[in-house]
Amino acid sequence: MKIAILQFGGTNCDLDVLHILKDVVGIDAETVWYKQENLTGFDGVVVPGGFSYGDYLRAGAIAARTPIMNSVKKLAAEGKPVLGICNGFQILTEARVLEGALTTNEYPKFRCHWTNLRVETVDTPFTSKFRKGEIIRMPIAHMEGQFYAEEKTLAELDENEQVVFRYVDENGKVTDAANPNGSLENIAGIVNPSRNIFGLMPHPERASESILGSDHGLRVFESMADYITENF
């Protein structure tokens, strides 16, 4: 098993993800510069957080149009898992492999703090180690994290159980106060219809060791590893 961790100019969470995959989960992983167009030999991809190309134009817009993303799409078409974290989520929406868009936070400032999330579905390659309805903790760190989609798209996401995480209060209730960025329906992460492409704004790699304040995010990577072992 080998996971590719993409690097663009401005990526800054790549080594954090590399540490979690190699030193904590215990699987092979490698950082891959965006100019490398061939992802042959990799069983999955993580598009990590950061500020690719300084968030010029729109966050993720330039990275989404680099040649390596064509290889990511090919890998995903084979059913292999693709995980986009924060800026990675923005890149995946800009690449049109995930629905919706990430826009400027309702309060238009950078937000960096812990959030409570409710697990909405465990029927994905990334959440098999969670329990549906479970309340978990992960931090956010973004300025453009407000999830937006048209009403029809939102209805389809709900109907197909493609919403993976929602921002909630400590009791698991969906409230405006628990929503850090104004995301519609408090959506924090979604999957594609085939369920093997997952984008989320909170950072699981920053919540994968108890010393950091939570190890709930570790299960995202462990679930991904289990999925690859069972299917590839």
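The values are calculated or read from the model by the stated rules, or taken from the named source; none is laboratory data. Because the structure is predicted, anything quoted here is derived from the model rather than measured. Positions of Cβ are generated from backbone atoms using ideal geometry, with glycine treated the same way; all protein chains shown enter the neighbour counts. The accessibility values were calculated without ligands, DNA or RNA, using every heavy atom of the protein model including side chains. Shrake-Rupley method; radii C 1.70, N 1.55, O 1.52, S 1.80 Å.
Looking at (1) farther than 14 Å from VAL47 by Cβ; (2) outside any strand (DSSP E or B), which one does ILE190 not meet, given that it meets all the others?
Failing condition for ILE190: (2).
Residues are listed down the side, and each one gets a yes or a no for (1) more than 17 Å from the chain's Cα centre (by Cα); (2) among the aromatic types (Phe, Trp, Tyr); (3) open to solvent by less than 30 Å² (accessible area, probe 1.4 Å); (4) within 26 Å of MET1 (Cβ to Cβ):
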position: ALA141; (1), (2), (3), (4): no, no, yes, no
position: THR153; (1), (2), (3), (4): yes, no, yes, no
position: GLU209; (1), (2), (3), (4): yes, no, no, yes
position: LEU212; (1), (2), (3), (4): yes, no, no, yes
position: PHE221; (1), (2), (3), (4): no, yes, yes, yes
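Counting just the residues of segment 172-187 that are in a helix (DSSP H, G or I) and not charged (D, E, K, R), which one comes out nearest to the chain's Cα centre (by Cα)?
Out of the qualifying residues, it is ASN186.
Suppose we keep only residues that are of a type outside the set (Gly, Ala, Ser) and at positive phi within segment 173-207. Which one would you say is surrounded by the fewest Cβ atoms within 10 Å (Cβ to Cβ)?
Ranking the candidates gives GLU185 first.
From the residues in segment 86-106 that are assigned to a strand (DSSP E or B) and in contact with a helix residue (DSSP H, G or I) (Cβ under 7 Å, 6 or more places away or on another chain), which one is nearest to ASN192 (Cα to Cα)?
Of all residues in segment 86-106, those assigned to a strand (DSSP E or B) come to 101-103.
Restricting the remaining residues to those that are in contact with a helix residue (DSSP H, G or I) (Cβ under 7 Å, 6 or more places away or on another chain) gives 101-102.
Numbers: ALA101: 13, LEU102: 15 Å.
Going through the qualifying residues, I end up with ALA101.
So SER214 ticks every box in (1) among the polar types (S, T, N, Q); (2) farther than 24 Å from LYS80 by Cβ; (3) touching a Gly at 6+ places or on another chain (Cβ under 6 Å) but one. Which box is left unticked?
(3)
Sort out which residues of segment 119-132 are touching a residue at least 40 places away in the same chain (Cβ under 8 Å), open to solvent by 60 Å² or more (accessible area, probe 1.4 Å) and not polar (S, T, N, Q), and write them in order of number.
Correct list: ASP123, LYS129.
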